[in-house]
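Worksheet: one structure, shown below.
The values are calculated or read from the model by the stated rules, or taken from the named source; none is laboratory data. Keep in mind that what you see is a predicted model, and the values were worked out from it rather than measured. Positions of Cβ are backbone-derived with ideal geometry, glycine not excepted, and every protein chain shown enters the neighbour counts.
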Amino acid sequence: MVTTIILGFLFGAALQYAKLNKFNTISGMATLNNLAVAKAIAVAIGVGVILVNIEIGLGFASYHTKPLILGGIAVGGIIFGIGMAILGYCPGTLAISLGQGSTDAFWGIAGGLLGGLVYTLVLPSIQGFLGPNLGVISLHTLTGSNPVLFYVLVVILGATFIGISFLAHKLDTPKKDMKWLIAGISLAILNTVIFSKFVSDRQIGASTTFPFVADWLAGATENSYFQAIQKSGRWEVLFLLGALLSGLVISLINKQFKIQLIHDNWKNFKNNSRISRVGWSFTGGFIMLFGARMAGGCTSGHVISGGMQLAISSLVFAIFVFAGLLITGRIFYGKDNFNKRD
């Protein structure tokens, strides 16, 4: 239990270092005004691809690849991206930002809990829509029988993702800020540690927390879905508790703790209404978590962790997430606020 909380604390510290948990950063990604999130994700995947696959090859860890359930991955990815753009947070960053005093994150969590509960309740009726289930498809399942080819491709693809991060950096501003690089590498190392059979024998994740907690609070536990997510849910609750403590402790030490509902981007792109921000935070949280559960994961547990395993399901999910994120960013925040990087 303590180990998981510490891991969550380190996760929160890495994201805070580059402000990747902040509303302004994530909404900036949705409007293409700040590419820090995309850069950090790309470098985390690139470094992680090499580290995790070597770790697994040495027998110190195992794969935790999500199956390619096409309908859930595609539609869930778009829905997740829509909610992420409106809310301005990911499931994992909500806890960190709440710890820092961002009260809009609280309303996002509340909406996410409701989204998780509703998903549990409607799952039996939408189960068929989520398919077809094409099974686990990854670089390892496709080329694992040829170790030389597999590891050559691991290095090439890892280097490609790292290259993409630096290419994005050339397009971004300010160019002198390299904190995203340190944060991305830190996430890759942390996930490699968590993958280890001697630590957690799983991957980073956050979104399962929401249906797990919501179902428990509502007493909706007598169903197969709750039974299936119990183990992951318990781990992720402790992990996010560590992330929340990280946000609180580090912001207090740095004297940056601040109770805040409306952030600069919301004020500049939308309005200064508290009611508006609360309502949209709740709505965004609901949408994002419903999409995450349809797809079986979120930014940390699917895009980054699955990307590090070169899982086709996670790479497809990432494409649909960014499509939903950017389309919504342009519409919701206005085309005049889109891609205004100097």
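Please state which of the following conditions Val154 fails to meet, knowing it meets all the rest: (1) closer than 21 Å to Phe317 by Cβ; (2) crowded, with 20+ Cβ neighbours inside 10 Å; (3) within 20 Å of the chain's Cα centre (by Cα).
Among (1) closer than 21 Å to Phe317 by Cβ; (2) crowded, with 20+ Cβ neighbours inside 10 Å; (3) within 20 Å of the chain's Cα centre (by Cα), the lone unmet condition for Val154 is (3).
Within region 244-260, can you find the residues that are under 22 Å from the mean Cα position of the chain (by Cα) and within 23 Å of Asn34 (Cα to Cα)?
Residues satisfying the conditions are Gly247, Ser251.
Filter region 221-248 down to residues that are in contact (Cβ under 8 Å) with a residue 24 or more places away in the chain and assigned to a helix (DSSP H, G or I), then give me how many there are.
Final tally of qualifying residues: 18.
Please give the helices (runs of 4 or more DSSP H) falling wholly within region 1-90 in which 1 or more residues are of a type in the set (A, V, I, L, M) and over 19 Å from Leu171 (Cα atoms).
Here the list reads 2-17, 36-57, 70-87.
Would region 51-72 turn up any residue that is hydrophobic (A, V, I, L, M, F, W, C), within 14 Å of the chain's Cα centre (by Cα) and either modelled with pLDDT of 95 or more or within 20 Å of Glu236 (Cβ to Cβ) (or both)?
Checking region 51-72: not a single residue is hydrophobic (A, V, I, L, M, F, W, C), within 14 Å of the chain's Cα centre (by Cα) and either modelled with pLDDT of 95 or more or within 20 Å of Glu236 (Cβ to Cβ) (or both).
Checking Gly76 against (1) farther than 27 Å from Gly219 by Cβ; (2) in contact with a helix residue (DSSP H, G or I) (Cβ under 6 Å, 6 or more places away or on another chain): exactly one of these is not met. Which one?
Only one criterion is unmet by Gly76, namely (1).
Would a scan of region 309-323 turn up a residue that is assigned to a loop (DSSP other than H, G, I, E, B), under 18 Å from Ile137 (Cα atoms) and touching a helix residue (DSSP H, G or I) at 6+ places or on another chain (Cβ under 9 Å)?
Within region 309-323 (the criterion being assigned to a loop (DSSP other than H, G, I, E, B), under 18 Å from Ile137 (Cα atoms) and touching a helix residue (DSSP H, G or I) at 6+ places or on another chain (Cβ under 9 Å)), the answer is yes, since at least one residue qualifies.
Output the number of the condition that Leu238 fails; it satisfies all remaining conditions of (1) within 18 Å of Pro91 (Cα to Cα); (2) modelled with pLDDT under 95.
(2)
Among what's in region 324-342 and is at pLDDT below 95 and part of a helix (DSSP H, G or I), pick the residue that is farthest from Ile69 (Cα to Cα).
Residue satisfying both the conditions and the ranking: Asp336.
Which residue is farthest from the chain's Cα centre (by Cα), if the candidates are limited to region 279-332 and must be crowded, with 23+ Cβ neighbours inside 10 Å and of a type in the set (S, T, N, Q)?
Ranking the qualifying residues of region 279-332, first place goes to Ser281.
If I go through region 251-270 residue by residue, how many of them are polar (S, T, N, Q) and either in contact with a Cys (Cβ under 6 Å, 6 or more places away or on another chain) or not in a helix (DSSP H, G or I) (or both)?
Looking only at that region, the number is 3.
Residues in region 119-152 that are assigned to a helix (DSSP H, G or I) and in contact with a Leu (Cβ under 6 Å, 6 or more places away or on another chain): how many?
2
May I ask you to verify whether Ala110 is closer than 16 Å to Arg277 by Cα, surrounded by fewer than 20 Cβ atoms within 10 Å (Cβ to Cβ) and small (Gly, Ala, Ser)?
In short, yes.
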